[in-house]
Amino acid sequence: MLPAESHAFTVFGWIVCVWVLLVSFQYGFHISSLNQIQAVLTCRVRDGAPATYYGLPTCISMSDATFSVLTSIYTVGGLLGSIGANVIMDKWGRKGAVLVSAFIMAVGAGFMAVAASLSPLVIGRLLTGVAAGVGLCVGPIYISEIAPSKIKGSVGVLTQFAIVIGIMSTQAMGLKLATPLTWRIVLLFSSVLSLAQLLAGPMIVESPVWLSRHGLLRDKDASARRLWQGGHAIHSPDVADEDVEDPLLDTDDERSSLNPEHREEHQAAASVPQALLRAEFRRPLAIVCFSMLCQQLSGVNAVLYYSNDILSKTLPDLGPYVSLGITVVNVFMTFAPIFLIDRMGRKKLLSLSATGAILSLLAVGFGLDSGAVTLASIAVMTFIASFAIGIGPVPFVMIPEVSPHQAVSALSSIGLSLNWIANFLVGLVFLPLRNLLSHGEPDKEGRVFYVFAALLAFFTFMLFQTYRG
């Protein structure tokens with residue numbers, strides 16, 4: 001067995017890590033890819049531009065309702081992608097699933113970049129969602145399986161970091177490219193990036209854990225040698241010796257209790273129905289589901305919906321830069337768990353994050369209801385900071401850590417499908433719920449945030465009842 005202190009990435013290992021993280025970057029990129037260019041895309045702003053440019057219309061006219069459908073179809077695609085991701089991951093490997101995601105993203109973003117009418121725009125948006133659904137399932141698992149054990153948590157947090165970098169990138173690009181003649185470049189960039197990821201694919205190695213489970217021991221050894229410093233010492237003469245020498249197989253009590261059969265490398269991969277029904281998967285299933293519900297039912301998208309309006313009133317001269325500023329705070333605060341997650345532990349970081357988020361939601365609600373715009377503005381920023389240090393990144397780290405080897409793909413698909421569904425439902429009910437609770441009175445619109453505070457408190461409590469992290 002290799003000494004734990006020798007487990008570190010080689011330069012090539014870090015290259016593979018960045019390559020995998022591109023799928024998470026693309027997920028974040030397309031969350032807000034249309035927001036910054038909405039006005040020019042939908043023909044609200046023409047600025048005297050010609051009707052066509054390089055043979056393509058400079059805008060595609062649509063109503064607000066149509067644009068809402070176009071935006072939300074991304075969530076539908078994400079759900080479809082996450083439902084089928086476990087089959088792709090187990091059949092074609094982690095690398096194969098990333099390549100599938102990159103191919104679909106290249107096609108989808110390309111469709112959107114050259115769309116001359118609404119139909120190809122909708123099809124492209126749906127495909128980018130499918131790609132994001134597959135990518136968000138495979139990315140955290142791939143990262144966890146190639147990460148050296150001593151920095152597994154820190155490397156796992158990079159998934160969320162890549163997501164917020166993607167959001168920030170599209171917002172920054174939108175500030176300069178949201179014109180009738182250049183908005184397509186935002187979407188073209190995404191397609192070109194995915195094409196580059198595809199072209200780099202042949203030099204990337206498969207996850208040693210996946211290779212090991214499929215009996216490809218020589219390939220596993222070759223992959224380990226390229227990924228890890230000291231990987232040259234790994235040798236797998238037979239299946240029986242393999243998990244003794246594999247530096248990625250943890251031996252801590254918590255993992256053993258969650259994965260009682262983790263040494264049986266060649267068990268058939270569990271399907272989604274098996275993961276839902278078999279007794280041995282109930283606890284990891286509960287942890288995965290509650291962590292995803294904490295993330296989405298925290299009301300993060302509702303806070304972000306209001307943040308522009310609230311902060312624009314506080315900082316009227318910086319209106320166009322408010323969204324970008326919020327994302328910069330998100331990026332900055334996501335640095336903290338990279339360094340803290342392995343020192344503090346998952347549960348402590350989640351506790352700190354959830355406490356800060358709940359108090360911030362209460363403060364946002366009170367600030368909106370009492371007309372204290374400054375308080376609401378400060379609370380928005382503290383909520384985003386609280387979310388970024390725990391609720392945002394930690395669930396992605398937890399999925400591969402708590403899941404039995406044979407069920408990790410299925411549980412990832414279930415968890416991320418639930419994430420997409422919760423995301424969609426929050427977007428669907430937020431405005432009607434706000435209007436119902438406020439009775440149409442602007443000074444009572446903060447009441448909806450009390451609901452999110454209660455939901456976050458409940459699901460955090462339920463998560464901690466099952467997770468001993």
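The values are calculated or read from the model by the stated rules, or taken from the named source; none is laboratory data. Predicted model only: the values in this text are computed from it and were never measured. Neighbour counts are summed over all protein chains in view; Cβ atoms, including those assigned to glycine, are modelled from backbone coordinates with ideal geometry. What goes into the accessible areas is simple: the full protein's heavy atoms, side chains included, and nothing from ligands, DNA or RNA. Shrake-Rupley method; radii C 1.70, N 1.55, O 1.52, S 1.80 Å.
Spin-label pair Lys444-Lys348: with each label point 7 Å from Cα along the Cα-Cβ axis, the two points sit 4.4 nm from one another.
The count of lysine pairs in the chain with alpha-carbon distances below 25 Å, taking only pairs 8 or more places apart or on different chains, stands at 13.
Restricting the chymotrypsin sites (Phe, Trp or Tyr not before Pro) of the stretch 7-84 to loop positions (DSSP other than H, G, I, E, B) with no more than 16 neighbouring Cβ atoms within 10 Å leaves Tyr54. For Ala372 and Ala268, a Förster radius of 60 Å and the Cβ-Cβ distance give a FRET efficiency of 0.55, rounded to the nearest 0.05. Size descriptors for the stretch 1-147: radius of gyration and Dmax over Cα atoms are 18.7, 69 Å. Once the convex hull of all Cα atoms in the chain is built, its volume per residue stands at 135 Å³. For a quick check: with amide H placed at 1.01 Å from N, whose amide H comes under 5 Å from Gln229's, ignoring anything fewer than 5 positions away on the same chain? Amide H neighbours of Gln229: Ala8, Phe9, Thr10. Quick check on the stretch 62-109: take the gyration tensor over C-alpha atoms, sort the square-rooted eigenvalues as a ≥ b ≥ c, and tell me if it's rounded (a/c under 1.5), prolate or oblate. Judged from the Cα gyration tensor, the stretch 62-109 comes out oblate (a/c at least 1.5, b/c at or above a/b). The orientation-averaged projected area of the convex hull spanned by the Cα atoms of the stretch 323-395 comes to 4.7 nm². The portion of the accessible surface of the stretch 271-468 made up by carbon and sulfur, rounded to a whole percent, is 71 (1.4 Å probe; DNA, RNA and ligands excluded). Classify the stretch 1-84 as rounded, prolate or oblate from the Cα gyration tensor: take a ≥ b ≥ c as the square roots of its eigenvalues, call it rounded if a/c is under 1.5, otherwise prolate when a/b beats b/c and oblate if not. In terms of gyration-tensor shape, prolate. Relative to the longest principal axis of the Cα atoms of the chain, the long axis of helix 346-370 lies at roughly 10 degrees. Shown are His439, His405, His214, whose ranking by accessible area with a 1.4 Å probe and every protein chain present, most to least, is His439, His214, His405.
For the chain, the longest principal axis of the alpha carbon atoms and the long axis of helix 64-113 meet at an angle near 0°.
Taken as Cα centroids, the stretch 79-141 and the stretch 398-467 sit 24 Å apart, rounded to the nearest whole angstrom. Scalar couplings 3J(HN,Hα) for the stretch 53-61, obtained by applying the Karplus form with A = 6.51, B = -1.76, C = 1.60 to θ = phi - 60°, are 8, 6, x, 10, x, 7, 7, 10, 5 Hz; x denotes Gly and Pro. Counting only cysteine Cβ atoms and a cutoff under 4.7 Å, the chain contains unmatched residues Cys17, Cys137, Cys289, Cys294.
Label the stretch 271-468 by shape, choosing from rounded, prolate and oblate, from the square roots a ≥ b ≥ c of the eigenvalues of the Cα gyration tensor; if a/c is under 1.5 it is rounded, and otherwise prolate applies when a/b is larger than b/c, oblate when it is not. Note, shape of the stretch 271-468 comes out prolate.
Summed over qualifying helices (DSSP H, 4 residues or more, each -39500 (n - 2.57)) and divided by its residue number, the chain shows a 222 nm mean residue ellipticity of -24000 deg cm²/dmol. Take the chain and mark each of the GluC sites (Glu not before Pro) that is in a DSSP loop with at most 14 other Cβ atoms within 10 Å; the longest unmarked stretch, sites excluded, is 1-260. Against the chain, whose longest principal axis comes from its Cα atoms, helix 183-200 is set at around 10 degrees. Ligands, DNA and RNA excluded, the heavy atoms of Ser61 present near 90 Å² of accessible surface to a 1.4 Å solvent probe.
Among the protein heavy atoms of the stretch 6-232, carbon and sulfur supply 70% of the accessible surface, probe 1.4 Å, non-protein parts ignored. Eigenvalues of the alpha-carbon gyration tensor of the stretch 380-446, scaled by 5 and square-rooted, set the equivalent ellipsoid semi-axes at 33, 17, 6 angstrom, largest first. Taking every protein chain into account, the 1.4 Å probe leaves Asp90 with about 40 Å² of accessible area, to the nearest ten.
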